[in-house]
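Everything below concerns the one structure shown next.
The values are calculated or read from the model by the stated rules, or taken from the named source; none is laboratory data. Values in this document were obtained by computation on a predicted structure and should not be read as measured data. Glycine also receives a Cβ, built like all others from the backbone with ideal geometry; neighbour counts cover every protein chain displayed. What goes into the accessible areas is simple: the full protein's heavy atoms, side chains included, and nothing from ligands, DNA or RNA. Shrake-Rupley method; radii C 1.70, N 1.55, O 1.52, S 1.80 Å.
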Amino acid sequence: MKKQYMGLAILMTALLLGGCASTASGTDETTTAAQTTVEETSSAAETTTESVEEGTSEAAFAEETTEGAADTSTENLGYTEEAQDAFLDLMDDCADVAPGTAGTSLRTAAAAAGLLDWEEEQADSSLSEDDIKDLMAAWKAARTEDDWAYLQESWSQVAASMREIAADPEGQAELVEDAGYTLEHTSYQTDVMEMVIGAIEETLSE
């Protein structure tokens, strides 16, 4: 009988130990699964964050590129950089006319003829009154107050000479050549000339 009790006790002990081991194993598996889930969730979160950052970076670059393209498209000027440089030089010639001094008429004719040829070369472009005003502002910013005053003083004389040459290029050719300049055109578009003259006069009067 005691042997039966002892056998039963041993069997119960074995069952209990087996249950504990099974529970421990189950707990370990649960813990491992939980850790795996946490790691996968963390990895997914990092991937999502990287994707968001990359998306934000790409969006910022795209926005900058678009803005750059927009800026370029708004610079719809009716003249080239070369034409701008030539205009600024011509304004120097106009400012150097110095009315009332020796050689004024020749300097005036040369400056007027040069400006006429310049505007005739721009006649087929989209050159506008606002373009002329912008060019005048650029010239003023790069020169002194005295230069501006000289141009204001001489401009009416230059404008008058421009009209005389445009009205009769052939008849004025000799005077222009005496001034050291040769006309590049045999006729001039007076509407373009008047637009340029008007824009310059308006700018000088401000």
Q. Hey, Thr203 hits all of (1) closer than 16 Å to Leu88 by Cα; (2) of a type in the set (Ser, Thr, Tyr); (3) open to solvent by 30 Å² or more (accessible area, probe 1.4 Å) but one; which does it fall short on?
A. (3)
Q) Can you name the number of the only condition in (1) more than 18 Å from Glu121 (Cβ to Cβ); (2) surrounded by 20 or more Cβ atoms within 10 Å (Cβ to Cβ) that Gly171 fails? A) (2)
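Can you spot a residue in segment 177-192 that is under 30 Å from the mean Cα position of the chain (by Cα) and closer than 26 Å to Lys133 by Cβ? Steps first, please.
Filtering segment 177-192 down to residues under 30 Å from the mean Cα position of the chain (by Cα) leaves 192.
Adding the requirement that they be closer than 26 Å to Lys133 by Cβ leaves 192.
Checked against the condition, which is being under 30 Å from the mean Cα position of the chain (by Cα) and closer than 26 Å to Lys133 by Cβ, segment 177-192 yields at least one hit.
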**Q.** Pair list, Cβ < 8 Å and 6+ apart or interchain, from segment 82-102 residues that are farther than 11 Å from Leu151 by Cα to residues that are open to solvent by 80 Å² or more (accessible area, probe 1.4 Å) and part of a helix (DSSP H, G or I)
**A.** Ala83/Glu121
Q: Would you mention how many residues in segment 110-167 are without any contact (Cβ under 8 Å) to a residue 60 or more places away in the chain, among the aromatic types (Phe, Trp, Tyr) and open to solvent by less than 20 Å² (accessible area, probe 1.4 Å)?
A: 2
